[in-house]
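Read the structure below first, then the notes.
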Protein chains: 2
Amino acid sequence: MSQDATAGHSPRPAAAAGKEQRVTKQRLAVSAVLDELPDFVSTQELHRILQDRGTSVSLATSYRILQSLADDGLVDALRNADGEAVYRRCAATGHHHHLLCRNCGKAVEVEAPAVEAWAARTAKEHGYTAVEHTVEIYGLCPECTARQAGG
Amino acid sequence: MSQDATAGHSPRPAAAAGKEQRVTKQRLAVSAVLDELPDFVSTQELHRILQDRGTSVSLATSYRILQSLADDGLVDALRNADGEAVYRRCAATGHHHHLLCRNCGKAVEVEAPAVEAWAARTAKEHGYTAVEHTVEIYGLCPECTARQAGG
DNA sequence: TTCACTGCAAATGCTTTGCAGCGCC
DNA sequence: GGCGCTGCAAAGCATTTGCAGTGAA
């Protein structure tokens, strides 16, 4: 269980060490994309988005910037089910979850106040702090359900 | 969107497919180790333990066996903070979720009847069928919380 | 006997790192 | 002008896969 700078929030004093953080266009580009995406993105995905915009940033640099941001607590970092590192801007603006069709991929955004409350309560019961959660619902959307029923 | 046998529980009918499961000494050895370990082990770790015991099993086979066990719902499978797949014998046989410490990896199994109900209701509202869901809560366990607060 | 399982090693894909040049401060 | 940042490509590592031999049923 080696645990270094991988996931999440290490509340660390900002600007404690002597290393300063330079403002480069690559860093701004990454930050801008994160601002616009409400959900977690993998580094690979973010890199692809940057390419689409023309603000191409090297893949290695994308990794470095995201790690650096996570290290400073400016973004949330965790792993998705595939084991990829995923990041999200820390501000919890419009937290929501997804209802996904496992056949056509269609996604519906859903809110889950009950789940939020449950997660918070459960975590507190066990003494856990700095809590965060992921919830995904997989199923067949109406169209795909009909298609499968039909034949 | 590859979400198959990765994290958590996919309630699937046991022994549904035509493939039978043969009882080999490798499979028994892996199963025996899992029985003795109360916590999550990575495949690499389990492989090392097997070597120490003399019941050496190939690394690739270890991967295959663990995946197969997880596929049959006989073990819990998820990812630790390093992105490694980790497995543990399923204490609770029923459907449940996890409360994970993002610092030390400690896991607590929790039940969430409210979440189950919410997921089912939400899916139905949107006309989704054959529903399944994943829920994970990440936070800092009491010990790690104290450690971080202290210094 | 049959065919799933196993072991080996090469392949895959995400992530990290060394090094030289560039640009922010 | 100094030094952190970037890009490139190769390295590193966990995990997967092809293939042929072995053993469970």
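The values are calculated or read from the model by the stated rules, or taken from the named source; none is laboratory data. The shown structure was predicted, so the numbers you read here are calculated from the model rather than taken from an experiment. Reconstructed Cβ throughout: ideal geometry from the backbone, glycine too, with neighbour counts over all protein chains shown.
Please verify whether the stretch B:62-71 includes one or more residues that are under 26 Å from A:Gly127 (Cα atoms), of a type in the set (Ser, Thr, Tyr), within 16 Å of DNA strand C (Cβ to nearest atom) and under 16 Å from the mean Cα position of the chain (by Cα). No, the stretch B:62-71 contains no residue that is under 26 Å from A:Gly127 (Cα atoms), of a type in the set (Ser, Thr, Tyr), within 16 Å of DNA strand C (Cβ to nearest atom) and under 16 Å from the mean Cα position of the chain (by Cα).
Out of the residues in the stretch A:12-54 meeting the condition of being assigned to a loop (DSSP other than H, G, I, E, B) and of a type in the set (Gly, Ala, Ser), tell me which one is modelled with the highest pLDDT. I'd like the intermediate steps shown before the answer.
Keep residues of the stretch A:12-54 that are assigned to a loop (DSSP other than H, G, I, E, B), which gives A:12-24, A:37-40, A:54.
After this cut, where a residue has to be of a type in the set (Gly, Ala, Ser) as well, the list is A:14-18, A:54.
Values: A:Ala14: 37, A:Ala15: 37, A:Ala16: 40, A:Ala17: 41, A:Gly18: 45, A:Gly54: 87.
Residue satisfying both the conditions and the ranking: A:Gly54.
Put simply, of B:Leu69, B:Leu46 the only residue that is farther than 23 Å from A:His97 by Cα and more than 14 Å from chain A (Cβ to nearest Cβ) is B:Leu69.
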